[in-house]
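Working notes, beginning with the structure itself.
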Amino acid sequence: MGRKNDGVLKWTLIAICAIFLFIMLILPLIYIVATALREGFGAYAAALSDEYARKAVGLTIKATLWAVGLNTVFGICAAWCITKFNFKGKKIISTLIDLPLTVSPIIAGLIFVLTFGRQSFLYDYLKAAGISIIFAVPGVILATIFVTFPYISREIIPVLNAQGTDEEEAAALMGAKTFTIFRKVTFPHIKWALLYGVVLCTARAMGEFGAVSVLSGHLRGKTNTMPLYIELLYQGYDFTGAFAVSSLLVIMAVIVLALRSILEYKGKKESEQDR
Amino acid sequence: MAIKRKKTRVIPGFGLSFGITIAMLSLIVIIPLCSLVVFTAQLSFKEFWETVSRPRVLSSYWVSFSTALVASLINAVMGLILAWVLVRYDFPGKRFMDGLIELPFALPTAVAGISLTHMTVSTGWVGGFFAKFGIPIAYTKAGITIALVFIGIPFVVRSVQPVLEKIDYQYEEAAQILGFSHARTFWKVIFPEIFPALISGFTLAFARCLGEYGSVVFIAGNTPYETEITPLLIMSELQEYDYASATSIALIMLFAAFVILFINAVLQSRASKKIGKIA
């Protein structure tokens, strides 16, 4: 077994990986940008400044802000509650929090239709109160929250578990208030994990398709998010438009990947300093 | 007991964090799930069975299952090679490759779907090449498989990578000193160690592929009996406001997902017992 043989194997395997990733991951990205710009920059800009495109972007941002905001509050509370205290039913709660990850997006949409749709007992009350959830903006927001539900708590929980409860106990015994403990003791530890969770949550919230598709009702300019608008354009054979709107989401994905590397690096560096 | 409990809770904020957690969990997960259970209870078994055993539904199970299986097997092999390359070798662009793995999580599925479809139709960059040999990709099961391979790439890599990083080089060295060949060292020493992680990555990818909708719906062509996946069937029942049929098919899918995750859990606990015995 010579060194030469190792080198051949090494570079063969690296080449296989590089070709696989290039065809499966990079080529589609290049393709999106190339197709979006094939009719020139003017057509690209026109597709993006279309009224419905702008409305779709607006709704996507709105749903994303709701999902990220609420899931951040939830994620921090759930992580605090699960890692700092012992109580009965902890396992059930963790399982339920992670459940949205294993459910198909279509089924996620379906359960909300069953909850708030016409055959639900809630429907009469909601109708009397003048609230529409299904085929309206609240439905889109609910679906987005559901599919991104565990994203932030999942990132924080392992960090808090590894850190233990000693520091918080010491702070509490010295008389610190809840929010002081959180701000001064806990938060510095989870800072990067929390940010990473927010980044992941944002990416998924902006891109959710299946669940939102079930609940939105596809009203152009009203309940169409960016991915749904892309579907509409694509099925209407407006490929330049579809790929132009897609290119915005590609930019978002690239930013997410870059941020991920940075946050992971910062988190690692800090946990090494702690030791 | 009451006193002891108070003692263990030195840290404040239990009431507040527990309250918010339970309130949001109920609103977003528990109540919708309960409505699924309530609605299911109203279905008659005969009706349920007739819906889920219609020939068109049965063939959609097969399309979903076979494409998800092939895609996850491809990902298991490629994921193993990728994890190996990323852990064991140094080469220019390694960090870039490592970051790229996560792209399927970051890129919206609908965007991936239209891009892969447009690339593989007979006029596209890749589809045009294969069309010369008379092989269609888009709107066939091969197309669905490609979309699912895209979706599943990160799962196996990310579950095998950390285990491979932790393996001690000592065992390999010992095996080599004892005269094992490289291939034999890999299969006898390294592979058993990473096997549980490989299985868990495979099952996660498989479960995800079964439920995938966004990226597949464009490339599938959605011909009944041939390229119609189960999630799409649920979607079309929903669009016809046939909630009973949609729920029935969804229950079969949920059941399948639970079986897959259960098998994984059993395999994992058996593997950890085996390792425990050796140690």
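The listed residues are A:Ser213, A:Ser247, and the only one of them that is within 8 Å of chain B (Cβ to nearest Cβ), outside any loop (DSSP other than H, G, I, E, B) and among the small types (Gly, Ala, Ser) turns out to be A:Ser213.
Of the residues B:Ile199, B:Ile219, the single one that is more than 14 Å from chain A (Cβ to nearest Cβ), among the β-branched types (Val, Ile, Thr) and within 22 Å of B:Pro104 (Cβ to Cβ) is B:Ile199.
Listed by first and then second residue, the pairs with beta-carbon distance under 7 Å, at least 6 apart or on different chains, first residue in the range B:173-199 and aliphatic (A, V, I, L, M) and surrounded by 13 or more Cβ atoms within 10 Å (Cβ to Cβ), second at pLDDT 85 or above and part of a loop (DSSP other than H, G, I, E, B), are B:Ile190/B:Ile167.
If the condition is being more than 9 Å from chain B (Cβ to nearest Cβ) and surrounded by fewer than 23 Cβ atoms within 10 Å (Cβ to Cβ), then the range A:178-189 contributes A:Thr180, A:Arg183, A:Lys184, A:Val185, A:Phe187, A:Pro188, A:His189. Given the structure, is B:Phe48 modelled with pLDDT under 95, in contact with a helix residue (DSSP H, G or I) (Cβ under 6 Å, 6 or more places away or on another chain), in a helix (DSSP H, G or I) and away from chain A (no Cβ under 11 Å)? In short, yes. A single member of A:Ile76, A:Ile23 is in a helix (DSSP H, G or I), buried (at least 19 other Cβ atoms within 10 Å of the Cβ) and β-branched (Val, Ile, Thr), and it is A:Ile76. Of all the criteria given as (1) away from every other protein chain (no Cβ under 11 Å); (2) farther than 30 Å from B:Phe255 by Cα, the one not satisfied by B:Met97 is (1). Of the residues that make up the range A:220-228, is at least one at the interface with another protein chain (Cβ under 10 Å from one of its Cβ atoms) and out of contact with any helix residue (DSSP H, G or I) (no Cβ under 8 Å at 6 or more places or on another chain)? No, the range A:220-228 contains no residue that is at the interface with another protein chain (Cβ under 10 Å from one of its Cβ atoms) and out of contact with any helix residue (DSSP H, G or I) (no Cβ under 8 Å at 6 or more places or on another chain).
Of all residue pairs spaced 6 or more apart or on separate chains, those with beta-carbon atoms under 6 Å, a first member in the range A:89-103 that is surrounded by fewer than 16 Cβ atoms within 10 Å (Cβ to Cβ) and a second member that is assigned to a loop (DSSP other than H, G, I, E, B) are A:Asp98/A:Pro150; A:Leu101/A:Pro150. Each residue in the range A:250-275 was checked for being in contact with a helix residue (DSSP H, G or I) (Cβ under 7 Å, 6 or more places away or on another chain), over 24 Å from A:Tyr31 (Cα atoms) and either outside any helix (DSSP H, G or I) or hydrophobic (A, V, I, L, M, F, W, C) (or both), and 1 pass.
What do you reckon, is A:Gly69 farther than 27 Å from A:Asp166 by Cα, assigned to a loop (DSSP other than H, G, I, E, B) and more than 10 Å from chain B (Cβ to nearest Cβ)? Answer is no for this residue. For the structure I just gave you, tell me whether B:Ser60 is crowded, with 22+ Cβ neighbours inside 10 Å, over 30 Å from A:Ala67 (Cα atoms), in contact (Cβ under 8 Å) with a residue 60 or more places away in the chain and assigned by TED's automatic domain parsing to the domain that holds B:Glu193. So B:Ser60 passes the test.
Of everything in the range A:34-88 that is closer than 17 Å to A:Tyr196 by Cα and of a type in the set (S, T, N, Q), the residue that is nearest to the chain's Cα centre (by Cα) is A:Thr64. Whenever a residue of the range A:197-210 is more than 7 Å from chain B (Cβ to nearest Cβ), its partners that are of a type in the set (Gly, Ala, Ser), lying with C-beta atoms within less than 7 angstrom and at least six residues away or across chains, give the pairs A:Gly197/A:Gly75; A:Cys201/A:Ala67; A:Ala205/A:Ala63; A:Ala205/A:Ala67; A:Glu208/A:Ala143.
Against the list (1) within 8 Å of chain B (Cβ to nearest Cβ); (2) crowded, with 20+ Cβ neighbours inside 10 Å, the condition A:Trp192 fails is (1). Any residue at all in the range A:219-226 that is assigned to a helix (DSSP H, G or I) and touching a residue at least 12 places away in the same chain (Cβ under 8 Å)? Within the range A:219-226 (the criterion being assigned to a helix (DSSP H, G or I) and touching a residue at least 12 places away in the same chain (Cβ under 8 Å)), the answer is yes, since at least one residue qualifies. Selection of the range A:91-132 for residues being β-branched (Val, Ile, Thr) and within 11 Å of chain B (Cβ to nearest Cβ) yields A:Ile92, A:Ile93, A:Thr95, A:Ile97, A:Thr102, A:Val103, A:Ile106, A:Ile107, A:Ile111, A:Val113, A:Thr115. From the set of residues in the range B:51-86 that are among the β-branched types (Val, Ile, Thr) and away from chain A (no Cβ under 12 Å), which is farthest from B:Ile199 (Cα to Cα)? Within the range B:51-86, the match that is farthest from B:Ile199 (Cα to Cα) is B:Thr51.
Consider the range A:118-163 and keep the residues that are assigned to a helix (DSSP H, G or I) and of a type in the set (Ser, Thr, Tyr). The one that is nearest to B:Ser17 (Cα to Cα) is A:Ser153.
Screening the range B:130-157 for residues that are without any contact (Cβ under 8 Å) to a residue 60 or more places away in the chain and in a helix (DSSP H, G or I) and picking the one that is nearest to B:Pro224 (Cα to Cα) gives B:Ala142.
Number of residues in the range A:33-88 that are more than 17 Å from B:Leu25 (Cβ to Cβ), among the basic types (Lys, Arg) and free of Cβ contacts under 8 Å to residues at least 40 places away in the same chain: the value is 1.
The values are calculated or read from the model by the stated rules, or taken from the named source; none is laboratory data. Quantities reported herein were computed from a predicted structural model and do not represent experimental measurements. Cβ coordinates were reconstructed from backbone atoms using ideal geometry, including for glycine residues, and neighbour counts include every protein chain displayed.
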